[in-house]
Amino acid sequence: MEAVIFQMGKVASTAIGAALRKQSIEAVQAHIASPERLGMKLKIMAAPYLSEAVAHTVYQDFHQELRAMYLLSRRRVAASQYEHPLLLITPMRDPLTWYWSHFAQMYTHYSSQLLRYFLGTGGREENFQPEAVFLQMLEQMFYLLDNTPEPLDDPDSLPRIQRAATECDPSGTVSAQANRFLLPLRWFDEDFHAATGVDVYEHPFSVEQGFGQIEVAGFNILLCQYEQLHLLQPQLAQFVRKPNFKLKRENTSEDKDIPSDVKRILQKGRSLIPESLVQRINNSKYARHFGYPRD
C-alpha cells in the first residue's frame, strides 16, 4: 500500500510517516508536488544565498516531492487505471504558531539573511546583533503586511506584496520572510490545489472533530488539524485500514532542544504582531475553514 503525506511542513509529517511505515505502508512526504512549483524549487536550489546544509536538505526533499508529483499527476489523468484511490494525508496548523516553529528550525539559515538585511541598512558586521536585527525586520514586515491593501491569502497578491517589501528592503529579507509568514494562508491554493486539482474549501471540514475526509476520482484525502493529532489516531487507523496503527511523536519542534536565545527571540517576536494583523489572518479563508485560532 502507498500513501502520500502532502503538507506545508512543521505539522508532524515525520511522525505520521514513521507510523505508516511501521504498518508496511510506503509513505511519500512532500511539501510541493505540482510541476510549476517544482520548477521554481529547482531555481531555488541553484541560488547562491543558500548554505550548503540548507541546499542539501532542499535537494533531498526534492526527490520525495518529485515522487509525490508523479503519484498525484497519474491519479489525476488516469484514475480509472488504478484499482484503489491514492491515500492522501494532509495535516494543517495554526498559521502563527506554524511560522514561529518554522523560524526556530531555520534559525541558522535565517541568521545569514538577517546579516544581509543589517548590512543593507548601513550597519557594520562587527556590530551585528541577530536578536535586535530580527525584531527590527519583524516590525518592518508586520507594518508592511498590516497596511497593504492586498489580500494576505491570495497567491496572486504575493508578488505585489513582495515588490513592496523589496522597495523598503533591497536585501530581500523582508520579502522572503513575508513569503514564509503567509505560506499557510496560501498553501492549499498554491500547492495542494495545483497538485491535486481538489479545492479543499469546497468540501466540509469538521472544526469540532479536527478532521475532514474528501473522496474524489483518484484520491481518498484525509485533512486533519495538527493540534488534534493525538486525538485522531482512530480516524487515521480507519483511513489507512490498519487497526494497529499508532501515532508517536517524532521530530516535533516540542521535542527539539531549541536554544534559550531563540526561544527568547520568538517570545519577543510574538509580542510585535499588531492586533489588526492578527485579525486579518484570523479572517482569512484558511483560518475560517479550518477553525483557527483554536480556543
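The values are calculated or read from the model by the stated rules, or taken from the named source; none is laboratory data. Bear in mind the structure is a predicted one, so any value in this text is a computation, not a measurement. Don't worry about glycine lacking a Cβ; one is built from the backbone with ideal geometry, like all the others, and counts go over all protein chains shown.
A compact table of results
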| quantity | calculated |
| --- | --- |
| Candidates Leu88, Leu115, Leu145, filtered to the one that is part of a helix (DSSP H, G or I), within 19 Å of the chain's Cα centre (by Cα) and of a type in the set (A, V, I, L, M, F, W, C) | Leu145 |
| Conditions (1) touching a Leu at 6+ places or on another chain (Cβ under 6 Å); (2) under 13 Å from Thr90 (Cβ atoms); (3) at pLDDT 90 or above; number of the one not met by Ala12 | (3) |
| Residues that are of a type in the set (A, V, I, L, M, F, W, C), out of contact with any Ser or Thr (no Cβ under 7 Å at 6 or more places or on another chain) and farther than 19 Å from Lys10 by Cβ, drawn from segment 100-123 | Leu115, Phe118, Leu119 |
| Given (1) of a type outside the set (Asp, Glu); (2) more than 21 Å from Val198 (Cβ to Cβ); (3) part of a helix (DSSP H, G or I); (4) out of contact with any His (no Cβ under 6 Å at 6 or more places or on another chain), index of the condition Leu66 fails | (2) |
| Failed item in (1) part of a loop (DSSP other than H, G, I, E, B); (2) hydroxyl-bearing (Ser, Thr, Tyr); (3) modelled with pLDDT of 95 or more, with Ser171 passing the rest | (3) |
| Pairs where the first residue, in segment 157-181, is over 17 Å from Ser112 (Cα atoms) and the second is assigned to a helix (DSSP H, G or I) and hydroxyl-bearing (Ser, Thr, Tyr), C-beta under 6 Å, 6+ apart | Gln162/Ser175; Ala165/Ser175; Thr166/Ser175; Phe181/Tyr99 |
| Number of the exception - Arg294 against (1) over 22 Å from Ala30 (Cα atoms); (2) under 20 Å from the mean Cα position of the chain (by Cα); (3) crowded, with 17+ Cβ neighbours inside 10 Å | (3) |
| Some residue of segment 192-206 being within 20 Å of the chain's Cα centre (by Cα), modelled with pLDDT of 95 or more, closer than 21 Å to Ala15 by Cβ and crowded, with 21+ Cβ neighbours inside 10 Å | yes |
| Residue check, Leu119 closer than 23 Å to Val262 by Cα and without any contact (Cβ under 8 Å) to a residue 60 or more places away in the chain | yes |
